[in-house]
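Below is one structure, written out as structure tokens, with a few remarks after it.
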Amino acid sequence: MHLEASISRLDRNQVQLDLALADESMLKSLLVNCAAAIARAHQIGQIRIAIGPPASTAGLEHIDAVIEYEHVWCMPSTGAPSGEDLSVRDLQSLTRCQSDLKTLAWRVNLSEAIALLQHGGFDEEQIQRILQLPYEGWHRSWWDTLEPSGQLGIPFQRWFRTRCYSDGTYTLQYTDHYLQDAPRCFRGVWQQVPLMISHRSGQFGEILTGLRKAKHALKTDRCLLLTDELTDLEAEGYIRQGVSLYSLHQSAETETSLCQRCDRVQCPMSDRADTPILNCKAFLAHS
């Protein structure tokens, strides 16, 4: 995708076309490599973009696109929580509360059932176990939660059961066993991010008003501005008002994170691709 070239020609239609044709990795980079970052790479599941304002939605007239992405909230872990300080009683306390039985899929065919479980993060062996469970059987797995910051939260246990019918369809159901706060979803929550394209500076108030209206209309607290030229004061003003900025002139450079281009190996962020850091006083360029 050549967003930088499009914006330099001041061709809004071309930028929108590039966005419409963008692959998943490019769309993710818009959310990860903006300032301030909207999400971290491992927090983004499925992602899609709709070009132009949604039909019959007041407040979105000036929006160039809407990005929709699955904000991952939980995922299967590699095993039970472990650590020197964790006893059997501690593990039991992590599952002291139980949710009601939830239905992930009702009478779906085999391919749909497999796709749903794959999307949840199960591998092929686990999927076969779940689909071949006896009538009274349960498949238990530990899941990790993710905090809004992207760090690991408190784990929980999820129990799956399957009902297979004579017509070849499946019903998938599960209950969650957790410490205190019930898991809010099966895997992630869909979020919407209104996106605008700015070709020049000097439109601060107009753009900010349009983005605020869009956030209100979509009931979201995040928005994204694609821009080719801003003064330092404008950039700071947008960021302080909750607008994330993606510089199209720097998009090729930000395909690799700042931390991936840093030689300070003793730093805990060293060589990380998903870090939202855009500026660092300790940055040491590769020699």
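Laid out as a table, the results:
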read-out: Failed condition for THR171, given (1) at pLDDT 95 or above; (2) β-branched (Val, Ile, Thr); (3) open to solvent by 40 Å² or more (accessible area, probe 1.4 Å); value: (3)
read-out: Subset of region 230-264 (residues that are open to solvent by 10 Å² or more (accessible area, probe 1.4 Å), in a helix (DSSP H, G or I) and modelled with pLDDT under 80); value: HIS249, GLN250, GLU253, THR254, GLU255, CYS259, GLN260, ARG261
read-out: Residue under evaluation THR227, criteria (1) open to solvent by 20 Å² or more (accessible area, probe 1.4 Å); (2) assigned by the TED database to the domain that holds TYR69, criterion not met; value: (1)
read-out: Qualifying residues in region 184-224 (those that are under 30 Å from ALA115 (Cα atoms) and free of Cβ contacts under 8 Å to residues at least 60 places away in the same chain) - the one least open to solvent (accessible area, probe 1.4 Å); value: THR220
read-out: Qualifying residue in region 135-146 (condition: in contact with a Lys or Arg (Cβ under 6 Å, 6 or more places away or on another chain), farther than 23 Å from GLY45 by Cβ and part of a loop (DSSP other than H, G, I, E, B)); value: yes
read-out: GLN118 being at pLDDT 95 or above, more than 12 Å from ASP176 (Cβ to Cβ) and not assigned by the TED database to the domain that holds GLY45; value: yes
read-out: Sole residue being within 23 Å of the chain's Cα centre (by Cα), over 30 Å from ILE207 (Cβ atoms) and crowded, with 16+ Cβ neighbours inside 10 Å, chosen from GLN151, GLN118, GLN126, GLN157; value: GLN157
read-out: Test: LEU27 is modelled with pLDDT of 90 or more and either within 28 Å of PHE186 (Cα to Cα) or in contact with a Ser or Thr (Cβ under 9 Å, 6 or more places away or on another chain) (or both); value: yes
read-out: Given (1) within 21 Å of GLU147 (Cβ to Cβ); (2) without any contact (Cβ under 8 Å) to a residue 40 or more places away in the chain; (3) assigned to a helix (DSSP H, G or I), index of the condition ILE47 fails; value: (3)
read-out: Checklist (1) within 14 Å of MET75 (Cβ to Cβ); (2) in contact with a Phe, Trp or Tyr (Cβ under 6 Å, 6 or more places away or on another chain) applied to SER141, failing item; value: (2)
read-out: Options GLU112, GLU147: the member that is at pLDDT below 95 and in the same structural domain as CYS164 (by the TED database); value: GLU147
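The values are calculated or read from the model by the stated rules, or taken from the named source; none is laboratory data. Since the structure is predicted, the reported quantities are computational estimates derived from the model, not experimental observations. Backbone-built Cβ (ideal geometry, glycine too); neighbour counts: all protein chains shown. Just the protein is used for accessible areas: all its heavy atoms, side chains included, with ligands, DNA and RNA removed. Shrake-Rupley method; radii C 1.70, N 1.55, O 1.52, S 1.80 Å.
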